[in-house]
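Only one structure is covered here, and it is reproduced in the block below.
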Amino acid sequence: MNSPFANIFLATQHRIQTEVTDIKYIDQDLGQLKAKVRPPVSWPCVLIDFEDFSFENLSENVQTATGTIVLRLGFEPHSNSSQATPLPYIEQAIAYYDIEWALHKAIQGWAPGTELGSYSRISTTTQTRTDSYRVREIRYSIAFEDYSTKHQQLFAPAALSMSEQILIP
C-alpha cells in the first residue's frame, strides 16, 4: 500500500490482533456501532478512525501530518456491577477495563511503521448511548512526514574541459 493511512490502519489492525487476543473484531469505523439494531460486529471490537489531521508545508513540497487516531472499543451488555451483585458477575461486567488497558499497553509508544511516528494517548472517554452497549473511545496523536509529492531534482555533473595542459617541471 502507498497511502500512510492505509499502512497505519493495516499495521494497527495487525498489532491489536496479535497483542490483544481478547478483541474479536477489528475494522475501519464506518458507523457500525451507530446501528439501531444489534451492531454488525463480534464482541469485543475495535473500530479504527482517522480524525482531525492537519498538514504543514516544509520545503520542496514535503509536509508534516499531525492528527488523531480514534480506537472505538465496543462491548456487549453484561450483568450489573453494583455492590449487591456477586463478585464473579461484577468481574465479568467490568472486564472491559482490563481489555482497554491491554489495548493501550499494546499501542502507546508503538510506531506503525519505520517512517511513521508513534502513538501517544491524548484522551479516553465513554460514549453516551441510549442502548446497553458500552463504547470507549481512546484517542491517540500521531505525526509523520509525507515525502510522496517531494519535487525530484535531477542533477547532471558539469562537463569539464581541459583547454590547457599544465606541465610540472
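Any read-out appearing in this document is the output of simple, stated calculations on the displayed coordinates, not a laboratory observation. No experiment lies behind these values; they were computed from the predicted model shown. Positions of Cβ are backbone-derived with ideal geometry, glycine not excepted, and every protein chain shown enters the neighbour counts.
For residue 137 and residue 68, the difference between the fully extended length at 0.36 nm per residue and the C-alpha to C-alpha distance is 23.7 nm. When both bridge partners sit in the stretch 4-146, DSSP labels roughly 90% of those beta bridges antiparallel. Each Lys and Arg adds +1 at its Cβ and each Asp and Glu adds -1 at its Cβ; summed about the Cα centre, the stretch 1-58 shows a dipole of about 380 debye.
Report note on the peptides 86-97, 69-80: ranked by the mean count of other C-beta atoms within 10 Å, highest first, their order is 69-80, 86-97. Only one residue of 149, 75, 130 has its Cα farthest out toward the positive end of the dipole of the chain, where Lys and Arg carry +1 and Asp and Glu -1 on Cβ, and that residue is 130. Considering only 106, 37, 47, and ranking their Cα positions along the charge dipole of the chain that arises from unit charges at the beta-carbon of Lys, Arg, Asp and Glu, the one farthest toward the positive end is 37.
Let's see if you can work this out: charge +1 on each Lys and Arg Cβ, -1 on each Asp and Glu Cβ, no other charges. What is the dipole magnitude of the chain about its Cα centre, in debye to the nearest 20?
640 debye
Beyond 22 Å, the tail of the calculated P(r) for the chain holds 55 percent of the Cα pairs. Label-to-label distance for residue 24 and residue 105 is 2.3 nm, based on points extended 7 Å past Cα in the beta-carbon direction.
On a full-extension model of 0.36 nm per residue, what is the gain between residue 17 and residue 42, subtracting their alpha-carbon distance, rounded to one decimal in nm?
7.7 nm
Any idea how many Lys pairs in the chain come in under 29 angstrom at the alpha carbon, given 8 or more places apart or on separate chains?
Pairs that pass both the separation and distance tests number 4.
Taking every DSSP helix (H) stretch of at least 4 residues in the chain, weighting each as -39,500 (n - 2.57) and dividing the sum by the residue count yields a mean residue ellipticity at 222 nm of -6500 deg cm²/dmol.
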